[in-house]
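Below is one structure, written out as C-alpha cells; the observations come after it.
All of the numbers you see were taken from the coordinates with simple rules; none came from a lab. What you see is a predicted model, and the numbers here were worked out from it, not measured in a lab. We place every Cβ from the backbone using ideal geometry, glycine too, and count neighbours over all the protein chains shown.
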Amino acid sequence: MTDKSQLRDAATIVLMRDEDTRPRILMGQRGAGAAFLPNKFVFPGGAVDAVDGTIPLARPLRPDTHAALGRESGCTPEALAAAALRELWEETGLILGDPHGWAEPPPRGWRGFAAAGFAPSGAELTYIFRAVTPLGRPRRFDARFFLARAEALATDPDDFSRAEDELNHLQWIPLDTARDFDLPFITEVVLAELSGRIAGTTPPDDVPFFRNDDEAHLVTRLGGRRPLD
C-alpha cells in the first residue's frame, strides 16, 4: 500500500506546439545536484504550495477537468491547476493567464506572476495523467499532468528570459525525438499517452493513474479500475 503521509501533491504541465504539423513539447534538464531526478529532462512542474489553493483563477477549469481532478484526491482542483501554472512561470518564464490587476498584494511565490500583470487561467488545461513516485525514493510525489497548447500562452513561447534556474537547456523538442533524451521512466509513459491522444487512439476523457503501490505497478483509469494492457 502507498504510504500517503510521505507523498506531496504535485502538478506538471506538458506544453505543446505545432500539433498539426510536427508536434513539439517544452522540456528542460534538471541540475546534476538536484535531489529529485538529477540530470533528467522533464516537463515544468513541482510540488503544490499551501498558498496555491488561495489563488483565484481568472478563468475556471473546464467542468470535465475539474471533476476528474477531484477523484481520489485530497487536494482541490484549483490548487493543482494553480501550482502547475506557477511552476510553468517559475521554471520557464511563460504565462498561461489573463491580464489582471491585483487589488491585494499576492502571497509569496506569486509576486512575479502578478507583477507581470496577469492572473492564472485554468481554462486551457487538460488533465491527461497521474502518477505516484515509487516507494523507496527520497522524495515522493502524487503528480498530476496537464496538457496545454502554446497558442494559449500570454507570452512569447520562445522567450525564457524570466525563467528561474531550476531547469537548464529549455527547449521545444519534437515529440518523435523526445525519447532520445535522458528521461525519467514516467515521462516516457506520459509521452506515449500524449502520442495516443494526438493519434486519436486514446479517449480524450481517459485519465491513466500509475499508482506505483504494489509489485504489479498497474496503471488504472480514474473513475474505474481497468488495468492498462
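Residues in the stretch 114-121 carry Karplus couplings, in order, of 5, 5, 6, x, 9, 10, x, 10 Hz; the curve used is 6.51 cos²θ - 1.76 cosθ + 1.60 with θ = phi - 60°, and Gly or Pro positions show x.
Could you work out the mean projected area of the convex hull around the alpha carbons of the stretch 133-201, in square nanometres to one decimal?
On the way: hull surface 26.6 nm².
Across all orientations, the stretch 133-201 yields a mean hull projection of 6.7 nm².
The packing ranking of peptides 13-20, 87-94, 69-76, highest mean first, is 87-94, 13-20, 69-76, where packing means the average number of other beta carbon atoms within 10 angstrom of each residue. Listed by number, the DSSP H helices of the chain that run 18 Å or longer by alpha-carbon position along their axis and have mean Kyte hydropathy of at least -0.5 are 77-92, 185-199.
Across the stretch 22-221, C-alpha contacts under 8 Å between residues 6 or more apart give a mean separation that, scaled by the residue count, equals a relative contact order of 27 percent.
Using every Cα-Cα pair within the stretch 22-221, state what percent have a distance larger than 21 Å. Write out the running numbers ahead of the final one.
On the way: 10616 of 19900 pairs.
Here the tail beyond 21 Å accounts for 53 percent of pairs.
Each residue of the stretch 161-171 was assigned a 3J(HN,Hα) from its phi angle through the Karplus curve 6.51 cos²θ - 1.76 cosθ + 1.60 (θ = phi - 60°); the sequence is 5, 9, 6, 7, 9, 6, 10, 9, 6, 4, 6 Hz, with glycine and proline shown as x.
Determine the shape class of the stretch 32-104: with a ≥ b ≥ c the square roots of the Cα gyration tensor eigenvalues, call it rounded for a/c under 1.5, and otherwise prolate if a/b is greater than b/c, oblate otherwise. Note, shape of the stretch 32-104 comes out oblate. Does the stretch 1-129 come out rounded, prolate or oblate by the C-alpha gyration tensor, with a ≥ b ≥ c the root eigenvalues, rounded set by a/c under 1.5 and, if not, prolate when a/b is larger than b/c and oblate if not? Rounded, since a/c falls under 1.5.
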